[in-house]
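Just so you know, all these numbers are worked out from the coordinates, no wet-lab data involved. Please read all numbers here as calculations on a predicted model, not as lab measurements. Please note: Cβ atoms are built from the backbone with ideal geometry, for glycine as well, and neighbour counts cover all protein chains shown.
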């Protein structure tokens, strides 16, 4: 589905914010509903809930109701699709709006994709790849700091870092079989999106350490007795995952890689005493970006040494 550069968009004053996180404009919400209509299909009241397009709407609605401990997303609308749409249009919680967007696009990305032979019967006119691409462009168009990647919505704090580090890290984790680290990396971004900063840094470190442990396991090397960041990093230097002729020039790399562990140890890894420890938001973002950069570097280095 094409996105048109219309006059009213060009006439807007540029915003001083790089990304917004605490507002989902009604225009954006309605655009998501347009994508839903084209990529999930309309609910057809002439069929029962077992019909493919009806079934996907029922799943999205009922799954969220179960998670929230309620019985319907909205008291408006008769069928499950209209209740989902009313919910997105009227829900005040940004997190809950992102919940339904994330779940619905996961359904589009996975369940709908597998039923290509039934798209015509389901009334689907926009394929999953196009739907996901449009969603991400709509986020960008409205200056919203989120993107849908591989089944989850992640928070974007720097478009350059996101493109050059976060997206490649996600792709490498999945394509190269680092499932455990992938799950932890996604958890880190989920915690960050929800404001759980300590948990975000902790999961980022876990993902980083899991990548290194997986490299040892894939190469059938003996793991260090203590499987934390510092000995794992040292072990990878010793195994020359980083070529020996580059080690002199990259003496600062070990310190940089260990920086992720240092953030956690000084801020979240131990008891916080009388006062609650609050990690500055920019430091949490730095930890996630550093994690992504490290993952890309290590997996690319591992690939060269396979």
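The label point for residue 174 and the one for residue 226, both projected 7 Å from the Cα toward the Cβ, are 3.7 nm apart.
What number in nm² do you get for region 23-144 if you take the convex hull of its Cα atoms and divide its surface by four? Answer in nm², one decimal: 7.1. Here the spin labels are modelled as points 7 Å beyond Cα on the Cα-Cβ line, and at residue 65 and residue 150 they lie 3.4 nm apart. Note on residue 120 and residue 238: the extension gain reaches 36.8 nm, defined as 0.36 nm multiplied by sequence separation minus the Cα-Cα distance.
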